[in-house]
Every structure is written in C-alpha cells, then in structure tokens.
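Notes for the one structure printed next.
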Amino acid sequence: MLSCFCTVSVLFLSCFILSISRSCVVLVGRWTGSRWIDTVIAYCNWLARYRDRCHTLHCCLVWEEDYQKGGIWVLSVDGIHCWINEPQHAVWSHGPHYYSHKHNKVGLDYELGISLVENHLLWMRGPFPAESNDITIFRVRGLRDQLIERQQKAIGDKGYNGGPNCVSTYNAHDNEGVKLFKSRALGRHESFNGLLKQNKIFDTRFRHNKERFACAFEACCVLTHYRIIETEIPLFYIVIEDVVVKYKEDS
C-alpha cells in the first residue's frame with residue numbers, strides 16, 4: 001500500500017521525526033547555525049509533502065462489508081481530543097463550541113474505532129468541535145448506522161451510555177468475564193491512543209487551521225495503523241484464558 005510513494009526506510013525515518021519533533025519550526029530552530037540547516041529545511045519541506053501523501057491513504061483504511069460477518073462485537077470506539085488555537089468567533093471573544101471538557105482547553109475531536117480481533121483501525125471520523133459529546137457524534141456521524149446495517153455492536157466507555165442496541169458500556173450486572181472483556185477492550189483502545197500520542201505534534205497546541213489539523217491527524221493515524229500491523233508493537237489480545245474462565249465460573 002505504501003510502496004506507491006516511499007520506501008519502508010523512509011517511512012520509519014518519518015515516523016521517527018514525527019515522534020521527536022512538535023513541528024518543523026521546532027526542528028529548524030534546533031539546527032539553526034549548523035552547516036546542516038539547508039538540509040534540514042529541505043527535509044521539512046519534503047516531510048510536509050509526505051504528510052499530505054500519508055493523509056491521502058486514510059481512504060485505504062477500509063472496513064469491509066463482510067468484516068467479522070456473523071460476529072456481534074466488532075470494534076471499540078472512543079473520541080480523542082486535541083488542543084488547537086481558538087478559532088475566531090464573529091461576535092464573542094471565545095467560541096464555546098470548541099471547549100474540551102477532557103482537557104479544559106480549546107480542541108477538536110476525532111472518533112476512532114479499533115478492531116477487537118485484529119490490529120486494524122477500522123473507523124475514523126472528524127474533526128468535530130470538542131463541545132460535542134461522544135454519544136452525540138456516535139449517533140449522528142455515521143457509526144451507529146453502520147453498526148445497525150451490519151447487525152454488529154461496539155464497546156465504549158460511559159460516554160456512550162444511551163445507545164445499548166449498538167454500543168455496550170459498563171454494566172454492574174455483567175458477568176465477571178464480560179466485565180473483564182470490556183475492560184480489556186477499552187484498555188486496548190487506549191493503547192492505540194497512546195501510540196498515536198507519541199507523535200510530538202500532540203504535545204502542544206496545534207496552530208494551523210482545521211483543514212491542516214485534519215491532514216496532520218489522519219497522517220499520524222495512518223502511520224500508527226501501519227506500525228501496529230508491520231512492526232513489533234501489535235495491540236494485545238482481548239480474549240485471554242482469564243476472560244473465558246471468569247465467564248464460565250459466573251454463568
């Protein structure tokens with residue numbers, strides 16, 4: 001999939017640069033005065049073009065129509081908030097639609113869905129103003145309709161309470177094995193988010209417009225998706241012996 005525009009070595013080099021530098025401005029600043037500064041500037045220009053190409057690959061993250069056909073549980077879902085510059089409001093000094101309750105800052109939100117059985121990012125939608133809560137995005141932005149059409153379900157945290165026919169959340173009456181299954185599913189999703197946030201652009205405020213943010217975020221998602229498929233850092237398995245044993249004991 002990636003061979004159409006780069007080699008594997010170039011891919012990992014770019015992953016490394018994205019993981020250690022918040023922005024090309026920071027990278028150039030570190031090399032100012034060095035005899036390598038012209039090379040660094042040229043690389044940053046190339047990296048911007050490469051980021052745009054990675055972004056175009058988000059359309060390759062396909063959720064096939066027959067994926068896990070016959071199975072009920074297909075993915076875990078969660079929203080991820082990212083800090084941005086506050087957009088200008090036509091009337092007020094602050095735009096309340098972009099307030100993130102998760103970080104107490106201005107932000108944008110992406111909805112991500114991770115396969116429960118494979119190392120795949122199946123669903124990515126955004127960016128949305130961070131004011132929107134998880135269950136609202138789930139209902140109106142397409143994922144609920146997809147799950148209804150496929151007759152499958154997702155696993156989410158308490159932010160998804162209110163959609164029991166499509167997404168399962170914590171329930172005190174669950175079997176102990178089911179509780180462990182849900183807990184591991186959500187923990188696995190957070191593992192993906194943790195890998196995604198290793199890219200330093202998430203360490204500070206994103207200072208460009210919404211379109212540039214979408215391009216950068218989706219490029220990082222594509223790279224993280226490739227990392228968990230092709231490298232030594234796959235996501236952990238959810239169904240382990242303890243899950244099965246506890247389910248049988250409590251049935």
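Some observations on this one:
- Test item: Cα-centred dipole of the stretch 63-250, Lys/Arg +1 and Asp/Glu -1 on Cβ, debye: 520
- For Lys105, the residues whose amide H sits under 5 Å from its own are Ser100, ignoring neighbours fewer than 5 places away on the same chain, with H placed 1.01 Å from N.
- 3J(HN,Hα) couplings calculated from phi for the stretch 124-132 with the Karplus curve 6.51 cos²θ - 1.76 cosθ + 1.60 (θ = phi - 60°) are, in sequence order, 8, 9, x, x, 10, x, 5, 4, 5 Hz; Gly and Pro show x.
- Nonlocal amide H pairs with Trp73, under 5 Å, H built at 1.01 Å: Lys153
- Between Val167 and Ala154, the built amide H atoms are under 5 Å apart, and every one of these is 5 or more places off in sequence or on another chain.
- Positive-end ranking of Leu75, Phe202, Gly163 along the dipole of the stretch 63-250, with charges on Cβ about the Cα centre, is headed by Phe202.
- Rounded to the nearest 20, the size of the Cβ-charge dipole of the stretch 175-251 about its Cα centre is 480 debye, with Lys and Arg at +1 and Asp and Glu at -1.
- Loop-resident trypsin sites (Lys or Arg not before Pro) (DSSP state other than H, G, I, E or B) in the stretch 144-251 with no more than 14 further Cβ atoms inside 10 Å of their Cβ: Arg205, Arg207.
Read-outs throughout are calculated quantities, based only on the coordinates presented, and are distinct from any laboratory measurement. The structure displayed is predicted, hence computed values, not measured ones. For neighbour counting, all protein chains shown are included, and Cβ atoms are generated from backbone atoms with ideal geometry for every residue, glycine included.
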